[in-house]
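Taking it in order: structure first as structure tokens, then the write-up.
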């Protein structure tokens with residue numbers, strides 16, 4: 001009866017309870033999971049089985065009580081900043097609920113109160129209301145740095161809005177656009193760095209001056225060396241590239257953030273950091289913690305399930321790494337006002353001796369391992385981008401110097417156009433190339449994380465994945481581990497989505513860039529349009545560089561998509577082992593006898609540790625869990641793979657693209673050789 005009234009009271013309040021057996025005498029433990037932004041997601045109630053007595057909830061007990069209820073929530077008063085409150089009740093006084101007792105109603109009332117303080121950023125089950133939107137806006141004004149944008153998407157309306165603003169600034173009217181932008185928002189122009197006393201605003205204005213003066217000088221004076229197809233096209237191309245990069249950034253912001261950008265001034269350091277993705281490239285502890293938490297909120301993941309248990313104890317250095325990562329994650333999240341960012345305890349710990357590892361710590365450790373492993377590649381890639389940008393900027397000048405060593409450019413304005421055009425090309429190619437290589441590094445990081453997660457469900461070492469396995473296999477014979485692993489896989493798939501969307505938007509622009517380069521090469525080679533050696537160098541270098549990075553990213557994406565099938569095969573194989581337990585398990589338990597199959601023995605050992613009396617029921621439930629996760633994998637493979645222009649990237653598609661590009665280039669090469 002004790003348990004019945006606790007469960008009944010909780011269920012009336014709309015709370016989900018999961019009974020957790022625990023080997024601690026006659027005690028039972030229940031965990032109440034609350035997925036609410038203003039409530040820490042677990043309430044632990046431990047009750048003694050005594051049929052007499054009454055219970056009451058006391059919210060101000062001493063700190064040294066052994067068993068307490070922790071309920072952290074934010075109390076909102078007249079739009080002021082919310083504060084967290086911790087309710088603690090003495091567990092020893094929560095025994096023997098009776099029908100006539102009133103404390104369950106008090107507890108129910110408290111649960112209803114907590115449920116009423118729903119997160120305004122999600123508004124579950126509610127219709128859209130202007131009052132709610134206004135309240136969110138008022139709260140965001142007071143603390144704009146802590147705006148949480150969990151649900152990321154690429155908004156084309158915002159993309160074109162900011163693209164047009166910057167296009168008008170760089171190509172047509174420059175600073176004259178600033179008064180008109182006040183109609184869009186009083187702080188918009190300053191937050192876009194179109195004016196202000198800082199280096200970024202100065203460079204924005206400098207790019208406008210260079211672009212507009214180059215166009216004016218080219219069409220106003222006679223030119224002997226500078227060509228429209230080289231210097232002027234370079235100017236136009238790099239400015240368009242800059243507009244696309246900036247617009248892709250704002251396209252991933254939620255409307256509330258855009259509204260604040262338009263109305264309230266932001267710090268210069270914050271704007272620049274977000275534009276160049278400096279924090280993201282470093283993968284600081286704060287960035288990792290925020291990204292994992294945001295994905296949890298997006299997918300409505302219960303943090304209490306975000307744990308796994310290994311089937312064997314990890315090596316000492318591995319445990320130390322994970323423990324250090326957990327400390328760093330707690331430190332990164334401890335200063336947040338949102339109490340749900342605190343790392344909560346697991347809700348399915350079977351025994352006190354169970355060693356569970358938090359998903360935050362595992363993923364953070366994976367990312368640190370990747371950053372260390374990939375640091376050399378990253379440095380070389382950025383050096384390559386710098387060298388290529390320098391070559392691309394100086395190619396026309398070097399060519400003209402070879403053509404006319406004494407006076408490469410006949411007029412002063414042509415020298416001006418050549419030098420300023422080279423400066424623009426170098427600066428924009430450095431930025432664009434860094435974004436391209438950064439996107440490739442992000443894809444490699446995602447591939448590394450998903451491969452390590454694949455290792456974690458395989459009983460055997462996967463030889464087809466040429467990579468070191470840095471963690472033991474999880475306990476694949478326990479359903480809560482499968483759930484924790486599945487949640488970690490989902491987080492790894494969604495990790496860094498805001499930055500990936502930004503990069504993919506830029507790659508979409510690069511698709512037109514590649515098509516333009518191929519067209520110029522083909523048309524120029526067959527004499528349809530005039531093309532000198534400098535233009536050919538530019539087109540071929542752009543094509544080779546862009547295609548190299550693009551194909552590297554697409555190959556990585558195809559490898560990620562292949563992991564869906566591999567993980568499906570592994571889970572199916574594990575399910576077969578579990579199913580076999582229905583055939584041979586009881587026989588081996590009754591004899592007792594060991595199988596010659598090592599995996600069977602391990603399965604019997606782990607299953608009987610958890611449930612030796614209800615063996616068949618436990619195995620059937622575990623089989624159902626495997627079926628659920630396999631279906632989830634198939635769904636993600638069909639609906640959430642890595643795509644190119646909406647098409648799932650596979651090696652078959654890449655083979656077709658490579659053949660098409662190779663056929664075009666071979667035709668051009670054949671024409672070059674035959675003409676010679």
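Structure data summary
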{"quantity": "Flag for residue 253 being within 24 Å of the chain's Cα centre (by Cα), assigned to a helix (DSSP H, G or I) and farther than 20 Å from residue 437 by Cα", "calculated": "no"}
{"quantity": "In the stretch 145-172, the residues that are under 24 Å from residue 206 (Cα atoms), out of contact with any helix residue (DSSP H, G or I) (no Cβ under 6 Å at 6 or more places or on another chain) and modelled with pLDDT of 90 or more", "calculated": "160, 161, 164, 165"}
{"quantity": "Meets criteria (in a helix (DSSP H, G or I), without any contact (Cβ under 8 Å) to a residue 60 or more places away in the chain, surrounded by fewer than 21 Cβ atoms within 10 Å (Cβ to Cβ) and assigned by TED's automatic domain parsing to the domain that holds residue 605) for residue 514", "calculated": "yes"}
{"quantity": "Exclusive hit being part of a helix (DSSP H, G or I) and either modelled with pLDDT under 75 or more than 18 Å from the chain's Cα centre (by Cα) (or both), set 331, 337", "calculated": "331"}
{"quantity": "One residue from 654, 633, 622 being closer than 30 Å to residue 536 by Cα, at pLDDT 85 or above, in the same structural domain as residue 554 (by TED's automatic domain parsing) and in contact with a helix residue (DSSP H, G or I) (Cβ under 7 Å, 6 or more places away or on another chain)", "calculated": "654"}
{"quantity": "Residue in the stretch 229-247 that is farther than 25 Å from residue 538 by Cα, buried (at least 19 other Cβ atoms within 10 Å of the Cβ), modelled with pLDDT of 90 or more and outside the structural domain of residue 395 (by TED's automatic domain parsing) present", "calculated": "yes"}
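Yes/no matrix, rows are residues, columns are (1) surrounded by 15 or more Cβ atoms within 10 Å (Cβ to Cβ); (2) modelled with pLDDT under 90; (3) in contact with a helix residue (DSSP H, G or I) (Cβ under 7 Å, 6 or more places away or on another chain):
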| residue | (1), (2), (3) |
| --- | --- |
| 300 | no, yes, no |
| 308 | yes, no, yes |
| 352 | no, yes, no |
| 357 | yes, no, yes |
| 364 | yes, no, yes |
| 372 | no, no, no |
| 378 | yes, yes, yes |
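The values are calculated or read from the model by the stated rules, or taken from the named source; none is laboratory data. None of these values were measured; they are calculated from a predicted model. Reconstructed Cβ throughout: ideal geometry from the backbone, glycine too, with neighbour counts over all protein chains shown.
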